[in-house]
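Below: the structure, in structure tokens.
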Amino acid sequence: MPVKVAIEPFERCIPELIPLFERAYDEFGQFKDGMPLAPDYRRYVELDRLGVIFLTTLRKDGVLVGYMVTQVTSGLHHLCNRIAVMDILFIDR
């Protein structure tokens, strides 16, 4: 079955995101001794509701297998332009 890509509310996905955040941290975390994994879920939800970030999900057979968090902001060179900047991307193997 193909992977389905969608934009979903962050708050609704938190229970599914937690294990993927942990896998991403285990796989890619460079400073585990000094920077433990501690996502600010309240702030993620707040920023999602404000339209400052959005969550793109990848699902296979309904199971979350990847995510991308993107920040929407004004361009530095052209304030009238809105740009999207990827914050984090993870796709489970």
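The values are calculated or read from the model by the stated rules, or taken from the named source; none is laboratory data. Worth saying up front: this structure is predicted, and the values here are computed from it rather than measured. Virtual Cβ from ideal backbone geometry, glycine too; neighbours counted across all protein chains shown.
Looking at residue 90 and the list (1) of a type in the set (Phe, Trp, Tyr); (2) at pLDDT 90 or above; (3) out of contact with any Lys or Arg (no Cβ under 8 Å at 6 or more places or on another chain), which single condition is not satisfied?
(3)
Going by the structure shown, is residue 37 among the aliphatic types (A, V, I, L, M) and part of a loop (DSSP other than H, G, I, E, B)?
Spelling it out, residue 37 is indeed among the aliphatic types (A, V, I, L, M) and part of a loop (DSSP other than H, G, I, E, B).
Pick from 43, 49, 59: which is of a type outside the set (Ser, Thr, Tyr), part of a strand (DSSP E or B), closer than 19 Å to residue 12 by Cβ and out of contact with any Ser or Thr (no Cβ under 8 Å at 6 or more places or on another chain)?
Result of the check over 43, 49, 59: 59.
Counting just the residues of segment 20-65 that are more than 20 Å from residue 84 (Cα to Cα) and of a type in the set (Ser, Thr, Tyr), which one comes out surrounded by the most Cβ atoms within 10 Å (Cβ to Cβ)? Explain how you work it out, then say what you get.
Initial filter on segment 20-65 (more than 20 Å from residue 84 (Cα to Cα)): 20-42, 59-65.
Then keep just the ones that are of a type in the set (Ser, Thr, Tyr); that gives 25, 41.
Numbers: 25: 17, 41: 14.
The residue in question is 25.
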